[in-house]
Amino acid sequence: PSGAIPKPVWLWHSRTGLDPAMVDLLWQAFLRRFDIEHTFRMLKQTLGWTTPKLRTPEQGDRWTWLLIAAYTQLRLARGLAADLRRPWEKPVTAQRLSPARVRRGFRNLRPHLACPAGVPKPSRPGPGRPAGIPNHQPAPRHDVHTITSTDKQKPNHSKKTKSTNPRPRRTG
């Protein structure tokens, strides 16, 4: 797409004797893999897929579906968003904008959209847990197989270790 002279790409596949249709299918799968990898990269880096510290798998599923909905909105808003490009990016048509570029221009869409919700009413915060009362229902913790400082073997202090300090220890 950049207009540069394409370099040969060497793809390896373990099957031998493939017909041209199968080779073409494998080439298209390789190109699709590029799109999928960049989608996951955007979900993680731009939309914060791995940022929250979720406590249950159900929360993880809900967060994933929420991000998929946000990604879909970015794809659907391509025609509405202005291209706020960085100096090194080439201008593209609205239908060719990537979700990251739509996200940059999304803030300019907000004033032009209708808001179905009313202005929030001011209120006091809820009572919550009173000060000085400990939490009697701690959140469940799930083992994620990470090594913590308490998991490491504690050194045995009964053995004397030779000091690496060149100065002798002062006694008395």
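The values are calculated or read from the model by the stated rules, or taken from the named source; none is laboratory data. Computed from a predicted structure; not experimentally measured. All Cβ positions, glycine included, derive from the backbone under ideal geometry; neighbour counts span all protein chains shown. For accessibility, only protein heavy atoms count, side chains too; no ligands or nucleic acids. Shrake-Rupley method; radii C 1.70, N 1.55, O 1.52, S 1.80 Å.
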Quick one: what do you get for the chain if you divide its Cα Rg by 2.2 N^0.38 Å? 1.82
Using a 1.4 angstrom probe and counting only protein chains, how large is the accessible area of VAL9 in Å², to 10? 80
Kindly list the residues of segment 27-70 that lie in the label zone of LEU11, defined by a backbone N under 17 Å from the point 7 Å along the Cα-to-C-beta vector. 27-38
Looks like segment 1-88, by Cα gyration tensor root eigenvalues a ≥ b ≥ c and the a/c under 1.5 rounded cutoff (else prolate when a/b is bigger than b/c, oblate otherwise), is oblate
Using a 1.4 angstrom probe and counting only protein chains, how large is the accessible area of SER14 in Å², to 10? 90
For segment 1-123, the charge dipole (Cβ of Lys, Arg +1; Cβ of Asp, Glu -1; about the Cα centre) points to a positive end, and the Cα of PRO116, TRP49, ALA69 closest to that extreme belongs to PRO116
Length gained when the stretch LYS90-PHE30 is fully extended (0.36 nm per residue, less Cα-Cα span): 19.1 nm
Ranked by GNM mean-square fluctuation in the chain (Cα springs under 10 Å), the top entry among LEU74, LEU31, LEU18 is LEU18
Judged on accessible area alone, 1.4 Å probe, highest first, HIS112, HIS142 line up as HIS112, HIS142
So how strong a dipole does the chain carry about its Cα centre when Lys and Arg Cβ are +1 and Asp and Glu Cβ are -1, to the nearest 20 debye? 1360
Using heavy-atom solvent-accessible surface (probe 1.4 Å) with all chains present, what is the largest-first order of ILE68, ILE5? ILE5, ILE68
Leaving ligands, DNA and RNA out of it, work out the accessible area of ASP61 with a 1.4 Å probe and give it in Å² to the nearest 10. 90
Taking N as its residue count, the alpha carbon Rg of segment 36-128 over 2.2 N^0.38 Å: 1.37
Going toward the positive end of the dipole of the chain, with +1 on Lys and Arg Cβ and -1 on Asp and Glu Cβ, which of PRO134, PHE40, TRP88 do you reach last? PRO134
Applying the Karplus parametrisation 6.51 cos²θ - 1.76 cosθ + 1.60 with θ = phi - 60° to the phi angles of segment 111-124, what ³J(HN,Hα) value in whole Hz is obtained for each residue in order, glycine and proline being reported as x? x, 8, 8, 6, 10, x, 8, x, 5, x, 7, x, 8, 7
Between ASN135 and LEU18, what is 0.36 nm times their sequence separation minus the Cα-Cα distance? Round to one decimal in nm. 35.7 nm
